[in-house]
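Q: Sending over a structure as structure tokens; questions will come in a sec.
The values are calculated or read from the model by the stated rules, or taken from the named source; none is laboratory data. Nothing here was measured: the structure is a model prediction, and the numbers come from that model. Positions of Cβ are generated from backbone atoms using ideal geometry, with glycine treated the same way; all protein chains shown enter the neighbour counts. Ligands, DNA and RNA are stripped out before the accessible areas are found, and what is left, the full protein with its side chains, is counted by its heavy atoms. Shrake-Rupley method; radii C 1.70, N 1.55, O 1.52, S 1.80 Å.
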Amino acid sequence: MRTRRSSDETRAHVLEIAHELFYWQGIRAIGVDRIAAEAGIAPTTLYRLFASKDDLVAAYVDRAYEAYREWFRTSLERGGDDPRDRVLALFSGQNAMLQPDICRGCPFLMVLTEFPDEKLAGHQRAIQLKEWVRDQFVALANDLEVDDPDQLAAHLTLIFEGAYASVQALGSVGPAAQARPLVESLLK
């Protein structure tokens with residue numbers, strides 16, 4: 001016997017299915033009918049929850065945005081109060097996240113690649129996440145009290161984003177594995 005879900009529960013379920021399909025197989029490669037079928041709902045139900053695929057993509061990005069920010073904050077907290085340890089804890093967390101069974105790259109870079117139209121909500125939200133990451137590195141660099149915090153923040157952002165960008169093609173043992181050691185050398 002199937003249990004009935006509330007609208008909010010159905011929406012969350014659809015977003016979980018969309019995440020799995022979009023992230024692992026590509027957003028443009030997956031149609032709304034496939035998501036509805038995998039979620040066990042009618043396409044009309046999906047369209048009651050999301051007016052269009054663009055709306056579903058935007059909701060997918062919003063969900064990923066919140067989860068990513070939480071992961072980022074938690075990773076920093078593992079470093080305690082010392083700013084250097086916080087940065088290194090973040091890069092250790094990233095290294096753990098970049099393993100092939102749980103990561104095929106950055107979902108936000110994927111969205112930007114698949115949806116270059118700057119007017120789309122999903123594209124805009126992905127840009128906001130990237131700006132947020134950069135702002136976190138600016139704050140961390142300021143906490144480190146270095147001579148040029150803006151330059152250090154730019155370097156940390158580039159290393160962090162570069163690890164995500166390289167992992168899909170070159171794997172977690174490729175250049176991405178050098179992110180934390182490179183950061184250690186910058187923070188000496």
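Q: If ILE17 satisfies all but one of (1) open to solvent by less than 20 Å² (accessible area, probe 1.4 Å); (2) farther than 16 Å from TYR164 by Cα; (3) of a type outside the set (D, E, K, R), what's the number of the condition it fails?
A: It is condition (1) that ILE17 fails.
Q: Among the listed residues ALA96, ALA126, identify the single one that is small (Gly, Ala, Ser), closer than 21 Å to LYS53 by Cβ and either open to solvent by less than 20 Å² (accessible area, probe 1.4 Å) or without any contact (Cβ under 8 Å) to a residue 12 or more places away in the chain (or both).
A: ALA126
Q: Inspect the stretch 68-76 for any residue being within 24 Å of VAL133 (Cβ to Cβ), of a type outside the set (Val, Ile, Thr) and exposed (fewer than 13 other Cβ atoms within 10 Å of the Cβ) and give the result as yes or no.
A: Within the stretch 68-76, one or more residues are within 24 Å of VAL133 (Cβ to Cβ), of a type outside the set (Val, Ile, Thr) and exposed (fewer than 13 other Cβ atoms within 10 Å of the Cβ).
Q: Just name the residue that is farthest from ARG104 (Cα to Cα) out of those in the stretch 166-185 that are loosely packed, with under 15 Cβ neighbours inside 10 Å and aliphatic (A, V, I, L, M).
A: For the stretch 166-185, the residue satisfying everything is VAL173.
Q: What number of residues within the stretch 129-144 are over 23 Å from LEU109 (Cβ atoms) and either free of Cβ contacts under 8 Å to residues at least 12 places away in the same chain or part of a helix (DSSP H, G or I) (or both)?
A: 2
Q: Still on this structure, I have one more. If you scan the stretch 20-36, which residues turn out to be open to solvent by less than 10 Å² (accessible area, probe 1.4 Å) and in a loop (DSSP other than H, G, I, E, B)?
A: GLY26, ILE27, ILE30
Q: Follow-up. Test of understanding: among ARG28, ARG63, which residue is closer than 20 Å to LEU109 by Cα and touching a Leu at 6+ places or on another chain (Cβ under 8 Å)?
A: The match here is ARG63.
Q: Having 2 or more residues that are at pLDDT 95 or above and at positive phi is the bar; report the helices (runs of 4 or more DSSP H) wholly within the stretch 46-126 that clear it.
A: In the stretch 46-126, no matching helices (runs of 4 or more DSSP H) lie anywhere.
Q: Still on this structure, I have one more. From ASP101, ASP81, grab the single residue that is of a type in the set (D, E, K, R) and more than 29 Å from SER166 (Cβ to Cβ).
A: Only one candidate qualifies: ASP81.
Q: Every residue in the stretch 37-48 that is surrounded by fewer than 19 Cβ atoms within 10 Å (Cβ to Cβ) and aliphatic (A, V, I, L, M), please.
A: Listed by number, the residues that qualify are ALA37, ILE41, ALA42.
Q: Here is a further query. Any residue in the stretch 53-67 that's among the hydrophobic types (A, V, I, L, M, F, W, C): show its pairings with residues that are outside any helix (DSSP H, G or I) and open to solvent by 10 Å² or more (accessible area, probe 1.4 Å) at Cβ separation under 9 Å, as long as the two are six or more apart or on different chains.
A: Matching pairs, first to second residue: VAL57/PHE115; VAL57/LEU120; ALA58/LEU120.
Q: Right, another one. Does LEU152 count as open to solvent by less than 80 Å² (accessible area, probe 1.4 Å), closer than 13 Å to VAL87 by Cβ and touching a helix residue (DSSP H, G or I) at 6+ places or on another chain (Cβ under 9 Å)?
A: Considered against the rule, which asks whether it is open to solvent by less than 80 Å² (accessible area, probe 1.4 Å), closer than 13 Å to VAL87 by Cβ and touching a helix residue (DSSP H, G or I) at 6+ places or on another chain (Cβ under 9 Å), LEU152 comes out as yes.
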